[in-house]
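The values are calculated or read from the model by the stated rules, or taken from the named source; none is laboratory data. The structure presented is a predicted model; accordingly, all values stated were derived computationally and were not measured. Neighbour counts run over all protein chains shown; Cβ positions are idealised from the backbone, glycine included. Ligands, DNA and RNA are stripped out before the accessible areas are found, and what is left, the full protein with its side chains, is counted by its heavy atoms. Shrake-Rupley method; radii C 1.70, N 1.55, O 1.52, S 1.80 Å.
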Amino acid sequence: VAVAAPVPAPDPDLKALLAGVAELAGVSLTALIDREGALMEVAGGLLPEAELAGALAACLVESTDGVGRALTQGRLQSLILEYDAGVVLLNAVGAGAMLAVVLGDPAVLGKVRYHVKKALPDLVRAV
């Protein structure tokens, strides 16, 4: 009797993964950005400044990652930026990309971080 080889799981749908985070209460935008700052995919309200913000976030992450290396703390995993009008959460997605999540309500940060952590393995596979 021949044993069928397991069928590999299909690659996750990047747009659907981002939309899943963007649909959370309090989230206004999710964007996947490569390490050079180019916008790879976006979900939620597309802010006109999203591409510029991606480029600036890439610079910020690169310099912050350098601090971690200099202090022998390893690679940067996430960064939380608090502003007057909300919070920006940046998470590493493998070595070549990062997920930016813009929150209008800082009270939902814990819930959003939980959902992002759950989505990260699929995001890494999708990239």
Select from the stretch 26-72 the residues that are among the polar types (S, T, N, Q) and touching a residue at least 12 places away in the same chain (Cβ under 8 Å) and write down the one among them that is surrounded by the fewest Cβ atoms within 10 Å (Cβ to Cβ). 64
Could you please find all residues in the stretch 109-125 being touching a residue at least 60 places away in the same chain (Cβ under 8 Å), open to solvent by 30 Å² or more (accessible area, probe 1.4 Å) and either not in a helix (DSSP H, G or I) or not acidic (Asp, Glu) (or both)? 111, 115, 125
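With the condition kept exactly as written, say whether any residue in the stretch 83-99 is of a type in the set (S, T, N, Q), touching a helix residue (DSSP H, G or I) at 6+ places or on another chain (Cβ under 6 Å) and either more than 13 Å from residue 29 (Cα to Cα) or open to solvent by 70 Å² or more (accessible area, probe 1.4 Å) (or both).
Residues of the stretch 83-99 of a type in the set (S, T, N, Q): 91.
Cutting the leftovers down to touching a helix residue (DSSP H, G or I) at 6+ places or on another chain (Cβ under 6 Å) gives us 91.
Checking which are either more than 13 Å from residue 29 (Cα to Cα) or open to solvent by 70 Å² or more (accessible area, probe 1.4 Å) (or both) leaves us with 91.
Checked the stretch 83-99: at least one residue is of a type in the set (S, T, N, Q), touching a helix residue (DSSP H, G or I) at 6+ places or on another chain (Cβ under 6 Å) and either more than 13 Å from residue 29 (Cα to Cα) or open to solvent by 70 Å² or more (accessible area, probe 1.4 Å) (or both).
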When every residue in the stretch 15-25 that is touching an Asp or Glu at 6+ places or on another chain (Cβ under 9 Å) and under 15 Å from residue 91 (Cα atoms) is compared, the one surrounded by the fewest Cβ atoms within 10 Å (Cβ to Cβ) is 17
Within the stretch 17-28, how many residues are closer than 14 Å to residue 127 by Cβ and over 12 Å from the mean Cα position of the chain (by Cα)? 0
